[in-house]
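The values are calculated or read from the model by the stated rules, or taken from the named source; none is laboratory data. If you're wondering where the values come from, they're calculated on a predicted model, not measured in any experiment. Please note: Cβ atoms are built from the backbone with ideal geometry, for glycine as well, and neighbour counts cover all protein chains shown. SASA here: full protein model, heavy atoms, side chains in, ligands and nucleic acids out. Shrake-Rupley method; radii C 1.70, N 1.55, O 1.52, S 1.80 Å.
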Amino acid sequence: MERKNILAPSILAADFRCLGDEIARVTAAGAEYIHIDVMDGMFVPSISFGMPVITSARKGTDCFFDVHLMVEQPERYIETFVKCGADSVTVHAEATRHLHRTLELIRSCGAGVGVALNPATPLSVLDYVIRDADMVLVMTVDPGFGGQEYIPTMTEKIRALRAWADRIGHPLDIQVDGGINSETLHTVLEAGANVCVMGSAVFCGNRESNVKKYLSIMHEYATY
Ligand code: DX5
Ligand code: ZN
C-alpha cells in the first residue's frame, strides 16, 4: 500500500525565544509537518502551550500543523484548535469518554483525524474506530516530556498496527512520537511507521543538517 514517509519536528524542543525562526528553519530544510504538543497538566504532568501560540505560529507558515492534544476531555477544544490553524488533531483514546463521537467531531471540523495510544494501551481500543482515523499515533514514550528513551516493546506494536491496516486495506498513517533519533528511526521505519515525530533530535545543534539527515534516512525506506 502506498504511503509517504514524513518527518514531523516537535516544537516542544524548540527555542521559544524564536519559535517562528525555528519553524522556518526546519520547514526550509524539508520538514513537511510541524508537530505541536499541547499539554494540559492533567492528562500529562507538564503544561506546554495552547491556542495563542498556535494562532501566532500559523501566521508565519503554511506548513502542516499536526496538533497532538495531551489534554483531558479534548472534545472541548477540537473546534477551537482547528480555528487556530490545526491541519490535523490527534486525541488520546485514554482522554475521551466517547472516542467515536470525538473522532467524528474532528472530521466535521475539516481536520485530519488522529488517535494516540499510550504505551500500555492495546491496539484493540481501535477495533471499532480504526477506519475513522487517518492517523494512529503510537506513543513510543510515556507522554508529557521530550528527551525520553524509546520504549523497545513499542516496535512490535507498530508492526502489528501496520499489518492490521494493510490486512483491512486501510491507508493509515502510523505516527511515532518520543525517543526517535538516528538509531531508533531505522527501527520504527522498518516496523511500518511513516510519520516520525522528532523533538530533541532535531532542535539541538544544526537544525538544517539534522532535518536533512533524517529525511535521507526516511527516503531509504520510501514506500511510495
Ligand atoms: C512527548 C511528546 C513528544 C516529544 C518528543 O509527550 O508528545 O512529541 O516532544 O520529544 P523527543 O523527540 O525529544 O523524544
Ligand atoms: Zn507529541
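Go through region 81-93 and give me each residue that's within 17 Å of residue 104 (Cβ to Cβ) and either open to solvent by 10 Å² or more (accessible area, probe 1.4 Å) or out of contact with any Pro (no Cβ under 6 Å at 6 or more places or on another chain) (or both). Result: 81, 82, 86, 88, 89, 90, 92, 93. Filtering region 50-74 to residues that are assigned to a loop (DSSP other than H, G, I, E, B) and more than 15 Å from ligand 2 (Cβ to nearest atom) leaves 59, 60, 61, 62, 63, 72, 73. Filtered by the rule that a residue be assigned to a helix (DSSP H, G or I) and hydroxyl-bearing (Ser, Thr, Tyr), region 19-49 gives a lone residue, 27. Residues considered: 138, 113. Of these, the only one that is modelled with pLDDT of 95 or more, buried (at least 20 other Cβ atoms within 10 Å of the Cβ) and within 16 Å of ligand 1 (Cβ to nearest atom) is 138. Of all residues in region 57-70 being touching a residue at least 12 places away in the same chain (Cβ under 8 Å) and more than 12 Å from ligand 1 (Cβ to nearest atom), which is surrounded by the fewest Cβ atoms within 10 Å (Cβ to Cβ)? Among those that are touching a residue at least 12 places away in the same chain (Cβ under 8 Å) and more than 12 Å from ligand 1 (Cβ to nearest atom), it is 60. When the residues of region 9-36 are filtered to those that are acidic (Asp, Glu) and open to solvent by 10 Å² or more (accessible area, probe 1.4 Å), the one that is farthest from residue 207 (Cα to Cα) is 32.
Would you be able to tell me the number of residues in region 10-36 that are within 14 Å of ligand 2 (Cβ to nearest atom) and free of Cβ contacts under 8 Å to residues at least 40 places away in the same chain?
Step one: of region 10-36, the residues within 14 Å of ligand 2 (Cβ to nearest atom) are 10-14, 33-36.
Checking which are free of Cβ contacts under 8 Å to residues at least 40 places away in the same chain leaves us with 34.
Selection size over region 10-36: 1.
Residues that are more than 10 Å from ligand 1 (Cβ to nearest atom) and either touching a Leu at 6+ places or on another chain (Cβ under 9 Å) or aromatic (Phe, Trp, Tyr) (or both) within region 2-42 comprise 3, 5, 7, 16, 26, 29, 30, 31, 32, 33, 40, listed in sequence order. For region 167-212, filtering for residues that are open to solvent by 10 Å² or more (accessible area, probe 1.4 Å), under 19 Å from residue 126 (Cα atoms) and touching a residue at least 40 places away in the same chain (Cβ under 8 Å) leaves 5.
Name the residues in region 91-109 that are closer than 9 Å to residue 74 by Cβ and of a type in the set (S, T, N, Q), would you? Once the filter is applied, which keeps residues that are closer than 9 Å to residue 74 by Cβ and of a type in the set (S, T, N, Q), region 91-109 yields 96, 102. Residue 90 falls short on exactly one of the conditions (1) touching a residue at least 12 places away in the same chain (Cβ under 8 Å); (2) more than 23 Å from residue 161 (Cβ to Cβ), and that condition is (2).
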